[in-house]
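The values are calculated or read from the model by the stated rules, or taken from the named source; none is laboratory data. Given the structure is predicted, the values throughout are model-derived calculations rather than measurements. Cβ: placed from backbone, ideal geometry, glycine included. Neighbour counts: every protein chain shown.
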Amino acid sequence: MKFLVTLRLLFFAFLAPLALAVPAAAHVRSETIADWEISGADASLTLTVPVIEAQRLADTAAPVLDSVLKRYLSDRIYPVAHGRRCALVPPVETLASTSPGFRKFSFTWRCAEATDVQIHFGAFFDLVSSHTNFAQIQNVATGEFTEELITADRQTIDVTAGEGAALQRAGFLEFVEMGIMHIFTGVDHMSFLIGLVLLSTRLRDLVFVVTGFTIGHSLTLALAVTGILRPQAEYIDALVALTIVLIGAENLAVATRRPGLVAGGLVVGLGAMGLCNLLGLEGLPFALLLGGGMFSAGYLIFSSKLQSPGRLRMVITLVFGLIHGFGFAANLLAMQLPKQRLAELLVGFNLGVEAGQVTLVLGVSLLAYFLVRIKFAPPRALVVETCSGLLIGVGVFWLVERSFV
């Protein structure tokens, strides 16, 4: 009977991506990157837009046409001189992006005056109120280079009045807030943390796995932002999705007591993805996928034989944390933090991540405890098996999309 339950759950898990069609929300929040150059009465902009942001303009799954996106951006992004909007010099050019998953455009404006220049960025805030634009502004006349965080509450920046860079002025608490929002706007990170809660039957086990995850992501976040270690960025999002698959698989193996079957399913599924890579399709390297599958399978079988695998899970979640840490670093790397404040801002962002993660874990745990106390909770086995199947399904969906699309 348990064999059939496990088989059904695995079958559901690998078909769920086709049925759910869940948007592959990256761990980074809604954001764009703008490189401005102000030269006298002329202004130019190179804007990098993630495809997922551009797709918000569409009512269907069909890709947004460049003409539609350019018109939307042109209406909402422009410089202003002496209170008058500068004239756009056509055409708006589409540039080749060096990174997959991004679209890049070049704009040029001519202003009536070369003084009292401001830039206005009002795109995407009507679609996502928490959107952030990272603006790098070069003023050729003064030689000043500034960096600004443009948000819904602050869409217009003074360029020529010596206002200074927002990143230089940004307070410690602003980066704490950014770290908190990074957790609560990152569906993949939240999914992984919920998986950790499901896996832990005792408070001590939960402390072990969360501690391992914290150590891991704190380490690689610092290494990536300081430039000591830079992984291949195109692999990180896919590997984050893979950790969600693995945490769901371990939950399922523990709940059903069928680690061998779950481990075999992992090896077959990841091996099939690796085979696609060998056949010339895009995706993670065959050796990485096969090695990850065999390692995970060995871990599932070995941990199932331990009476108390909490400390071993701490090591595994530390490894998973290393991967998520590189994901956390994506925001900060895009912002090019001022070197003289790097340590302060890094600590603030990391504390925010920790605060967000502790709040989420405690919130889910307290909710579960409350439901048990009022006798409104379904059997734990049913909850764990169902949620684990969903985690595996969504994780596989993200893994395939981030590897091949």
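In segment 294-313, the condition of being loosely packed, with under 13 Cβ neighbours inside 10 Å, closer than 15 Å to residue 239 by Cα and of a type in the set (A, V, I, L, M, F, W, C) is met by no residue. Among the residues of segment 39-64, those identified as at pLDDT 90 or above and over 30 Å from residue 323 (Cα atoms) are 42, 43, 44, 45, 46.
Screening residue 107 with (1) among the hydrophobic types (A, V, I, L, M, F, W, C); (2) touching a Leu at 6+ places or on another chain (Cβ under 6 Å); (3) surrounded by fewer than 16 Cβ atoms within 10 Å (Cβ to Cβ) gives one miss only, at (3). For segment 362-394, the candidate set comprises residues that are closer than 16 Å to residue 246 by Cβ and β-branched (Val, Ile, Thr); within that set, the residue that is modelled with the lowest pLDDT is 384. Number of residues in segment 65-82 that are part of a helix (DSSP H, G or I), of a type in the set (A, V, I, L, M) and touching a residue at least 24 places away in the same chain (Cβ under 8 Å) equals 2. Only residues that are modelled with pLDDT of 85 or more and either over 24 Å from the mean Cα position of the chain (by Cα) or in a loop (DSSP other than H, G, I, E, B) (or both) were counted in segment 306-320, giving 0. Criterion first (free of Cβ contacts under 8 Å to residues at least 12 places away in the same chain, over 23 Å from the mean Cα position of the chain (by Cα) and over 30 Å from residue 238 (Cα atoms)) does residue 90 satisfy it? Yes: the conditions hold for residue 90. Looking only at strands (runs of 3 or more DSSP E) that fall completely inside segment 126-182, which ones have 3 or more residues that are at pLDDT 85 or above and within 30 Å of residue 359 (Cα to Cα)? Correct list: 132-139.
Can you tell me which residues in segment 212-228 are more than 26 Å from residue 385 (Cβ to Cβ) and not hydrophobic (A, V, I, L, M, F, W, C)? Those that are more than 26 Å from residue 385 (Cβ to Cβ) and not hydrophobic (A, V, I, L, M, F, W, C): 214, 216, 217, 218, 220, 226, 227.
Restricting to segment 216-232, what's the tally of residues that are in a loop (DSSP other than H, G, I, E, B) and of a type in the set (Gly, Ala, Ser)?
Total satisfying the criteria: 1.
Per this entry, residue 332 is counted among residues that are within 21 Å of the chain's Cα centre (by Cα) and closer than 19 Å to residue 224 by Cβ.
Any residue at all in segment 26-33 that is under 21 Å from residue 398 (Cβ atoms), at pLDDT below 90, outside any loop (DSSP other than H, G, I, E, B) and not β-branched (Val, Ile, Thr)? Scanning segment 26-33, I find at least one residue that is under 21 Å from residue 398 (Cβ atoms), at pLDDT below 90, outside any loop (DSSP other than H, G, I, E, B) and not β-branched (Val, Ile, Thr), so the answer is yes. Taken together, 218, 191, 200 contain a single residue that is crowded, with 18+ Cβ neighbours inside 10 Å, modelled with pLDDT of 85 or more, within 20 Å of residue 395 (Cβ to Cβ) and small (Gly, Ala, Ser), which is 191. Close contacts from segment 169-193, counting a first residue that is farther than 22 Å from residue 384 by Cα and among the polar types (S, T, N, Q) and a second that is modelled with pLDDT under 85 and assigned to a loop (DSSP other than H, G, I, E, B), with Cβ to Cβ under 6 Å and a gap of 6+ residues or different chains, come to 185/29. Residue 284 meets the conditions (1) aliphatic (A, V, I, L, M); (2) surrounded by fewer than 19 Cβ atoms within 10 Å (Cβ to Cβ); (3) assigned to a loop (DSSP other than H, G, I, E, B) in every case but one. The failed one is (2).
When 377, 368 are screened for being surrounded by 14 or more Cβ atoms within 10 Å (Cβ to Cβ) and not in a helix (DSSP H, G or I), only 377 passes.
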